[in-house]
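The values are calculated or read from the model by the stated rules, or taken from the named source; none is laboratory data. What you see is a predicted model; the values in this text were computed from it and never measured. Counting neighbours? That spans all protein chains shown, and the Cβs are built from the backbone with ideal geometry, glycine included. Heads up: the accessible areas ignore ligands, DNA and RNA and are worked out on the full protein's heavy atoms, side chains in. Shrake-Rupley method; radii C 1.70, N 1.55, O 1.52, S 1.80 Å.
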Amino acid sequence: TDERDIVISPEYDFAVHPATQWRWHHKALSQKAVHSAPVDSLESYATGWERFKSNFDCDILGPSNRLARRLVQRARWIAHGLANEKPDVLHSEWEGPGGKDPLNALFDEMDDVLLAAEILELVDALRGVVQEQPVLVEADIPAKVYGDLHGQFRDMLLLLHDFGFPHYHGQSFVFNGDWVDRGKHQLAVVCLVFAYKVAFPNNVMIVRGNHEDAGQNMHTGDRGFTAHCTKRFGPGVGMQIFRAFADVFEWLPLGCLVGARILVVHGGIGDGEWDLEEIENAQRPLSMDLLSKNKVLYNVLWSDPIPETVENSFGVHSSPRDSHANLVAAFGEDVTQKFLLRNDLSMVIRSHQEQMGGTGYEVMHGGKCIRVFSARDYEGNQNDGCVLSIRWRLRGGRFIVRPQVLRSVTKRDTSSDESDGG
């Protein structure tokens, strides 16, 4: 395979909020987020310009589940109003559209008994879809890849509004896990992700993260998904809803192949000494206890790459995530390169980490490993949120991977430094 069959655009897209006009901007990638090569040495293959286009007046849904169809439509309506709200605020400060609880607004249902019943109906529909699909799913190009959202529903809606919604005739979407725990609107986020998957089962792929796990949800305490469900619906119904989600989490795919060349997993590749059949042949349901007995699968959810700018970064190292107990691995650039060669792949996209003041993306291992994280200002980190756009460039026959960024609310405003992309 040509080493340049996938290239990283030297620029990223971003939109300014509150929205004053339907216009994107672009700027060169941050050198802080690119290891190995100076940004100005990256070769530009970007051609043309993606623009926001409203699909309100076209058939965006096609045949789909009635409930999922309603949630998809409601999300577009909420996002459209949200984009014009002033001022832009942190997700934790947002009370919902017009002060209405986001979960009630998403389902358009104020009766909590009926709301709980519809949530359970949605989870059941999702279970039917994922049980019919493999553990390693596939997505076509073009595609968008989302990273961790962690209950930050406002950020999710803004990213969808700015860079495109899933629809029946549209591009692929990959939601790469960690939809719950810590954030204010966890049920709204995971319900919308599930609604997209049910409405567009062949366009939208969902990949399990390490937080799609009952034990992790309980361990997170008062800010975990377990507590979130019981606070919202009470201990009886709340636990019924939580257990329904916990059950379906164990059926979620563990990876996605995008364009047959890019592997998307939540965490990483561990020691890299394995073939894709390890994921393909995994038998579900998979509790975290079962996953911990399979080092490959456990590291798909939990492992991290080591930046090549770190001293002694080559090879496989123990990880602080399990107190260096040698179950979770940290892997260097050489491990990534060997894994890709072994499996005839060109790139790994993963999520799972954010940096203080980060950009929501990070290019590592000679451009062969990219991190994407979608929740901005996560845990006070003053970071941007990001999705990755993957497109096919006919001239030269290459995939273009381009970050699309939702700017931090709290990070110093650098908008005056931006160049106008159109």
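Odds and ends about this structure:
- Test: residue in segment 116-135 that is over 30 Å from Glu278 (Cβ atoms), surrounded by fewer than 16 Cβ atoms within 10 Å (Cβ to Cβ) and free of Cβ contacts under 8 Å to residues at least 24 places away in the same chain: yes
- Odd one out for Gly360, checked against (1) more than 30 Å from Leu157 (Cβ to Cβ); (2) modelled with pLDDT of 95 or more; (3) buried (at least 19 other Cβ atoms within 10 Å of the Cβ): (1)
- Taken as a whole, the condition of being over 15 Å from the mean Cα position of the chain (by Cα), farther than 30 Å from Pro18 by Cβ and open to solvent by less than 10 Å² (accessible area, probe 1.4 Å) applies to His365.
- Tally of residues being among the hydroxyl-bearing types (Ser, Thr, Tyr), under 15 Å from Ser30 (Cα atoms) and within 14 Å of the chain's Cα centre (by Cα) across segment 340-362: 1
- Pairs where the first residue, in segment 144-165, is under 20 Å from Asp101 (Cα atoms) and the second is buried (at least 24 other Cβ atoms within 10 Å of the Cβ) and among the aromatic types (Phe, Trp, Tyr), C-beta under 6 Å, 6+ apart: Leu149/Trp179
- Search result, residues across segment 125-152 that are of a type in the set (Gly, Ala, Ser) and under 16 Å from the mean Cα position of the chain (by Cα): Ala139, Ala143, Gly147, Gly151
- From the list Glu362, Glu379, the lone residue that is closer than 28 Å to His150 by Cα, in contact (Cβ under 8 Å) with a residue 24 or more places away in the chain, acidic (Asp, Glu) and in a helix (DSSP H, G or I) is Glu379.
- Only one of the numbered conditions (1) open to solvent by 50 Å² or more (accessible area, probe 1.4 Å); (2) part of a loop (DSSP other than H, G, I, E, B); (3) closer than 28 Å to Tyr361 by Cβ; (4) of a type outside the set (A, V, I, L, M, F, W, C) is not met by Pro285, and that is (3).
- Residues in segment 290-313 that are modelled with pLDDT under 95 and open to solvent by 90 Å² or more (accessible area, probe 1.4 Å): 3 in all.
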